[in-house]
1. Does THR92 fit the bill of being under 23 Å from LYS28 (Cα atoms), in contact (Cβ under 8 Å) with a residue 40 or more places away in the chain and of a type in the set (Val, Ile, Thr)?
2. Could you run through region 41-76 and say how many residues are closer than 16 Å to PHE26 by Cα and at pLDDT 70 or above?
3. If you check every pair at least six apart or on different chains, which have Cβ atoms under 6 Å apart with a residue in region 112-133 that is under 11 Å from PHE150 (Cβ atoms) first and a residue that is exposed (fewer than 12 other Cβ atoms within 10 Å of the Cβ) and modelled with pLDDT of 90 or more second?
4. Could you look through region 131-152, keep only residues that are surrounded by fewer than 18 Cβ atoms within 10 Å (Cβ to Cβ) and not charged (D, E, K, R), and pick out the one that is farthest from PRO114 (Cα to Cα)?
5. For region 48-142, give me every one of the strands (runs of 3 or more DSSP E) that falls completely inside it and has 3 or more residues that are farther than 23 Å from ALA23 by Cα.
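The values are calculated or read from the model by the stated rules, or taken from the named source; none is laboratory data. Fair warning: this is a prediction, and the values are worked out from it, not measured in the lab. Using ideal geometry, Cβ is built from the backbone for each residue, glycine included, and neighbour counts are taken over all protein chains shown.
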Amino acid sequence: MAVVGSQFSTGDQSPSARETFWASGFRKCPNQCSNNSDGRSSKPGERANSTIASEDHVAGCRLNGDAYGTTVFRCSSCNWQTSFQYDEASETYYYETKFWRRPDSNAPPKPQHPWSGVSIKSWLSSHPSLDKTIVDKCSSFGLLSDGPRFSDLTFRHFKALSFTKKEAELLVQVIEEKNKELGLIL
């Protein structure tokens, strides 16, 4: 077996963005930068101008020739990127997606989580109770990319991430305020 490097993850690793991107067949940027919403060209016989580029990083190759590594996908319009680990010997090429299910095109759309439309960074930055150091700390831990997941964080989560007791209590308080504003709690 030849080992060149190791598999890695880079870019946006939030489940919602990755699954949306995967469900589009790796054609549509989750930031909706692709030229055509369905990934097809508007003219017959012409290919769509996708904004997504991919690059394979081979981590190793087995004696039978099966390679494994990471594919990095990047949007040329907004520079959004994510990665998926692959293994040619796996039943599912991008084995991280093995249990993911593509949405049924005939099924009614799922209701969107109320936090999905919240820009966590701008909301926290503009909150009068929070200072920049707390927002920067949230950013350094990658907490600003996914509203629904941020809304589930508790005091213990923040403490485990080395927030002070006062910072953790304050963050839990502003999350509760937002939940009330969104009508999630009375």
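1. Working: under 23 Å from LYS28 (Cα atoms): yes; in contact (Cβ under 8 Å) with a residue 40 or more places away in the chain: no; of a type in the set (Val, Ile, Thr): yes.
It is false that THR92 is under 23 Å from LYS28 (Cα atoms), in contact (Cβ under 8 Å) with a residue 40 or more places away in the chain and of a type in the set (Val, Ile, Thr).
2. Result for region 41-76: 14.
3. none
4. THR133
5. Working: elements: 52-61, 67-75, 81-87.
In region 48-142, the matching strands (runs of 3 or more DSSP E) lie at 52-61.
Matching residues to (1) more than 25 Å from GLY11 (Cβ to Cβ); (2) touching a strand residue (DSSP E or B) at 6+ places or on another chain (Cβ under 8 Å); (3) modelled with pLDDT under 85:
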position: GLU88; (1), (2), (3): no, yes, no
position: TRP115; (1), (2), (3): no, no, yes
position: SER122; (1), (2), (3): no, no, no
position: ASP136; (1), (2), (3): no, no, no
position: GLY142; (1), (2), (3): no, no, yes
position: THR154; (1), (2), (3): yes, no, no
